[in-house]
1. Tell me whether the stretch 3-11 contains one or more residues that are surrounded by 14 or more Cβ atoms within 10 Å (Cβ to Cβ), hydrophobic (A, V, I, L, M, F, W, C) and within 12 Å of the chain's Cα centre (by Cα).
2. Name, by its number, the condition in (1) at pLDDT below 85; (2) over 17 Å from Leu12 (Cα atoms); (3) more than 14 Å from the chain's Cα centre (by Cα) that does not hold for Glu47.
3. May I ask you to list the residues in the stretch 21-62 that are surrounded by fewer than 19 Cβ atoms within 10 Å (Cβ to Cβ) and among the β-branched types (Val, Ile, Thr)?
4. Looking at Ser75, Ser24, Ser57 in this structure, which one is touching a residue at least 60 places away in the same chain (Cβ under 8 Å) and touching an Asp or Glu at 6+ places or on another chain (Cβ under 6 Å)?
5. Within the stretch 1-23, is even one residue of a type in the set (Phe, Trp, Tyr) and over 20 Å from Ser97 (Cβ atoms)?
6. Mind checking which residues of the stretch 98-107 are within 10 Å of Asp13 (Cα to Cα) and loosely packed, with under 14 Cβ neighbours inside 10 Å?
Amino acid sequence: MLHVVLKDLKYLDSHEWVKVEGNSATVGITDHAQDHLGDVVYIELSEVGAPVSQGDSFGVVESVKATNDINSPISGKVVEVNEELNDSPGLVEVSDSGELKSLMDADKYTKFCEEDNIH
């Protein structure tokens, strides 16, 4: 299975991604995670205005295979939630852009996924 790992995103080891534009960020789960989850049957996200912290859960995704937390790659405040969940589960306002340094770039995340598939 070919997974798309985009170069302009940053990745958390729990398979969430973040794309920062100014002081706002879009957060989602990766193709790798979606492939392992299978068909998603339910998603629960934080309310608009809720604070989020880097690495902490701000939602839950339930699939036919498992239920998993959705962790925030960055700290901030939820300013918008994508109700239709087309491409991203939510938008987060960034409170500390320095946290991006602790996330994986596309090359490191690709290697992480390859190693994850071995185990």
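1. If we filter the stretch 3-11 for residues that are surrounded by 14 or more Cβ atoms within 10 Å (Cβ to Cβ), which is where we start, we get 3, 5, 9-11.
Subset that is hydrophobic (A, V, I, L, M, F, W, C): 5, 9.
With the extra rule that they be within 12 Å of the chain's Cα centre (by Cα), the set shrinks to 9.
Scanning the stretch 3-11 turns up at least one residue that is surrounded by 14 or more Cβ atoms within 10 Å (Cβ to Cβ), hydrophobic (A, V, I, L, M, F, W, C) and within 12 Å of the chain's Cα centre (by Cα).
2. Answer for Glu47: the failing condition is (1).
3. Thr26, Val40, Val41, Ile43, Val48, Val60
4. Residue meeting the stated conditions: Ser24.
5. Of all residues in the stretch 1-23, those of a type in the set (Phe, Trp, Tyr) come to 11, 17.
Then drop every residue that is not over 20 Å from Ser97 (Cβ atoms), which leaves none.
No.
6. Start the filter on the stretch 98-107 by keeping residues that are within 10 Å of Asp13 (Cα to Cα), which leaves 103-104.
Those that are within 10 Å of Asp13 (Cα to Cα) and loosely packed, with under 14 Cβ neighbours inside 10 Å: none in the stretch 98-107.
The values are calculated or read from the model by the stated rules, or taken from the named source; none is laboratory data. As the structure is a prediction and not an experimental result, all values here were calculated from the model. Ideal geometry is used to build each Cβ from the backbone, glycine not excepted, and the neighbour counts take in all protein chains shown.
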